[in-house]
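The numbers here are math on the coordinates, done by the rules we state, and not lab data. As the structure is a prediction and not an experimental result, all values here were calculated from the model. Positions of Cβ are backbone-derived with ideal geometry, glycine not excepted, and every protein chain shown enters the neighbour counts.
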Amino acid sequence: MTAPPLTRFIGRRRDVSEIRRLLGESRLLSLVGPGGSGKTRLAREVCTGPDTAWVALAEAGADQVVPAVLDALGVAEVPGRGPADLIGHRPLLLVLDNCEHLVAAAAGLAGELLRACPGLRVLTTSREPLAVAGEHVWWVEGLPDADSVRLFADRARRVAPGFTVGEGNADAVARLCRRLDGMPLALELAAARVRMLPPQRILDRLDDAFGLLVTADRDVPARHATLRAALDWSYDLLPGPERDLFARLAVFRGGFTLDAAEAVGGPDALPLLARLVDKSLVQAQADGDQERYRLLDVVRQYASARGPAADPGAHAHYYVAFAEHADARLTGPGQEVWLDRLHLERDNLRAAFGWAREHDPAAAVRLAVALGHYHRLRGRYAEGGDRLRAALELADASTPPAVLAKALAGLGALEFLQCAYESAAARLHRAVALFERAGDTHGAALALHRLGGIAREQGRYAEARARHERSLAAWRGLGDPAGTARAVKALSFTAWLEGDYAHAATLATDALRQFRELDDPDGMIGALVDLGAATLRGGDPAGARPLLREALELSRRLGSAEGIAWSTEQLGLAALLLGEREDALGLLREGLRLHHEVGDRWRTAGVLDVLAGLLADARTAAVLLSAAAAARAAIGTPLPPCDRLDREYCVRTVTARLAGGERERAAAEGAAMPLDRAVELALAGPAAVPVVRTPPAGLVVEALGRARVLAGGRVLGPEDWTYAKPRELLYHLLTHPGAGKDEIGAALWPDAGPAELRNSFHTCLKHLRRALGGAVTVRFTAGGYRVEGDVRYDVDAFLAAADGEDLAALTEAARRYTGDFLAGVPAGDWAAVPRDRLRRRYEQVMLTRGVLLGRERRFAEAAEVFTRLIEHDPLLEAAHRGLMRCHAALGNPARALRQYDDLVGLLRSEVGASASPETRALHDRLRHAMAA
């Protein structure tokens, strides 16, 4: 065994225990990872027993492997006798360190010795697996964030004993460690620079990582003395075609797909890419049917310097086509998926635009146009606007008018959302003219729709209605259901701002129905917010809550910053009207922060007004009221009629608490205050009641609807799970707490034999624990596995609320059920049982809610409940009966009879059955009542 290391071993404690356990079950285990990932150091920490022989192969040739093994065994070479004869049956752990340049020789020797020596176990370290039968592979990757910081700080103190991570440098150290992907060698080399550079300066210089990350230690192996040398060691082992592809992949930023790799590397990229993954030069992640690859940042720098780089034009043109393909799918079903894919490619899209801007202006314009909808939906108004402005500067006489019109319309839409009304209107008017000249009725209607929005926010409501009605007529003429729904929703928005809440609710209900039929989440969010706003202002804040909560949930799933801001703000108003001042203050402050972040000055001013009325300090409230008025004046928008009475009351009550001179000084201070400062004051100012902030749970797990896991407030993505099974294991453990390994194995690996099951289970459990990162603990106790700690599981919350017997509890349960259990997530047959059980429970909750609402004569709300239940299960007769009773109670028996006819037709076509006697009896009673 080699001498003990001179530095502390940091991190990977769970890895050490898991590897030792695996060595008890497997006779051949390989630690595989990129150069500098700490494989050798990890092996030294694992292999501490007396029956261990350490074979250092870094400097050995293929013909020196056997002599090196004999030397490690402490015996001389004897003619006619090999290592197998010397080892015999005695127990021994043989460590073959640094095998990557001797893979064939090491694999042959390991296989031979394992067959001949029953007491032998072999552990190897390498940058690629040996590919020997029975080999188990443990992938050694970068350290987690916290361990990376600990390692950096420890090694920094070797050269600067007084170094600490504190308030002044913690952010720079954390970003430095993430930039280096937690790779131990890179962290140690960076830490060595602390003697002459602070962490922020090291971070600033990482674009030249190879000139920076060098050690002066004389006892370090040459391949670890510089980061370049560590990568040279791997690169020199690559055949020519793999070297070429490796260099070409440096064009990517932030990862890439196989399709993208083939676009820049040729149609034969797949087998070469697979070999680069095996050799730890490319990182691979897969989850379900999605694959993604990436080069560590320092590896990408190295690759770009070592060979013929890919044509950046091929990269840019691939991403232009990708963005246009995605843009066409950002309405209706699949919207969420394509938004996420665009988000994953954001660094590549930025790089593609940068190249196209200099070398292919037409492609730059196309790319900026294609990303306009994405930037709007994700609240990236400023970035999208900057890109479109840059694109328009590139447009010339050769730019097709249709492309120019789309660029103008896209920029006008984003400027409108940032309340730059004058420039937005100018661009949109020009876009309308270009669209009409090109005969593009759809484009012209969309630009008119945006112009109607500007008129609405500037208080020109008649003009807004006229523009939306023109858009509506155009879209109806085109037979465009999405455009039609969009125009109806805009008319609803205009109506409730004017104070016509009943008409607004009717329009919003119609728009919501259309958007649900189209399966358009973005449209549903807007319609739900409008319906909720009209409902709460119409005197029913409790009835508005489920609508706004659904809007908030959809917004979070879609990542819609605008939708989250609006939903949160309106929920705050509902809480305020219900007398829940503490909740109202928290929600309104969050809504204010979100509106301000995306750049919506109109709504920022509106929420400042409301918050002013909640503050205990009258002077601060008066400052905020004045600042809000100044913000509206600056952008040229009046207070909407729906808010005038509330603001007038707030102004009266606040000013009544101040002396005349103090009122004037507060008003002057607010009028001169920048909006950023006013927002800070509103978020931090003293309140009438204390605001209780709940810290994020250690683990939040969502299984109903879109599956999602948050650890410490951060959403875990495919790169955290490594592959799909660890996430599925988490859901099984939470759904079946205390399940044993056999039960889990039967569910997740039903076809695996005992040995395969043990390996699959423990490997999966290792990845699960690493993904959770210490947020909670997966513990084996009382014969089974449990997730212990601060866990919030939406299935448990749903079932707890569903056990309630009053309307409020059942409404909360319905809110929590946003879709079927693990819908759209790859999972085994085990998930079918809880999925069916939860569906049935949800149906019972909704039926009971509908009945209770009916008893309280809240028939419109009951009808909405039964309608949603029918959408959930069209063959549920009890829901159809409930809806028939609601229609009749609302004075529309004809609609109730049509509902019966719809049900009868559906039963006949789908299951070949007739309506039940109870349903037929209800139909007869309604028909007789109508005839009478």
Which order do peptides 451-460, 40-49 fall in by mean Cβ count within 10 Å, highest first? 451-460, 40-49
Picking from Gly740, Val654, Gly384, whose Cα lies most toward the positive end of the charge dipole for the chain (charges on Cβ: Lys, Arg +1; Asp, Glu -1)? Val654
For the chain: lysine pairs with Cα atoms under 16 Å, gap of 8 or more or different chains, count? 4
What are the extents of the Cα atoms of segment 485-578 along their three principal axes, listed from largest to smallest and rounded to whole Å? 32, 25, 18
Report the convex hull volume per residue for the chain, counting only C-alpha atoms, in Å³. 211 Å³
Per residue convex hull volume, Cα atoms of segment 581-645, in Å³: 86 Å³
Once the Cα gyration tensor of segment 352-461 is diagonalised, what are the square roots of 5 times its eigenvalues, in whole Å and ordered largest first, as equivalent ellipsoid semi-axes? 23, 17, 10
Which peptide among 766-772, 330-336 comes first, and what is the full order, when sorted by highest mean count of other Cβ atoms within 10 Å? 766-772, 330-336
Long-range Cα-Cα pairs in segment 699-791 (distance over 18 Å), rounded percent: 41 percent
For a test of the definition: using alpha carbon positions, the gyration tensor, and the 1.5 limit on a/c, classify segment 799-907 as rounded, prolate or oblate. oblate
Could you work out how far the C-alpha centroid of segment 859-932 sits from that of segment 570-614, in angstrom? 41 Å
With +1 on the Cβ of every Lys and Arg and -1 on the Cβ of every Asp and Glu, the dipole magnitude of the chain about its Cα centre, in debye rounded to the nearest 20, is 1320 debye
Segment 238-310 - Rg and Dmax from Cα coordinates, angstrom: 11.0, 34
Burial order of peptide ranges 29-39, 863-873 (average beta-carbon count within 10 Å, highest first): 29-39, 863-873
If you find the alpha carbon centre of segment 188-204 and of segment 29-99, how far apart are they in angstrom? 36 Å
Would you kindly state how much longer the chain becomes between His429 and Ala382 on full extension, computed as 0.36 nm times their sequence separation minus their alpha carbon distance, in nm to one decimal? 14.8 nm
Cα convex hull of segment 267-419, projected area averaged across orientations, nm²: 11.0 nm²
If you average the alpha carbon positions of segment 116-130 and of segment 764-804, how far apart do those two centres end up, in angstrom? 36 Å
Arranged by the count of other C-beta atoms within 10 angstrom, fewest first, what order do Trp830, Trp475, Trp566 take? Trp830, Trp475, Trp566
Decide, for segment 228-274, between rounded, prolate and oblate: order the square roots of the alpha carbon gyration tensor eigenvalues as a ≥ b ≥ c, take rounded if a/c falls under 1.5, and otherwise choose prolate if a/b is larger than b/c, else oblate. oblate
Please compute, over every Cα-Cα pair in segment 13-139, the percentage with a separation greater than 20 angstrom. 37 percent
For segment 594-690, shape from the Cα gyration tensor axes a ≥ b ≥ c, cut at a/c of 1.5 then a/b versus b/c, turns out rounded
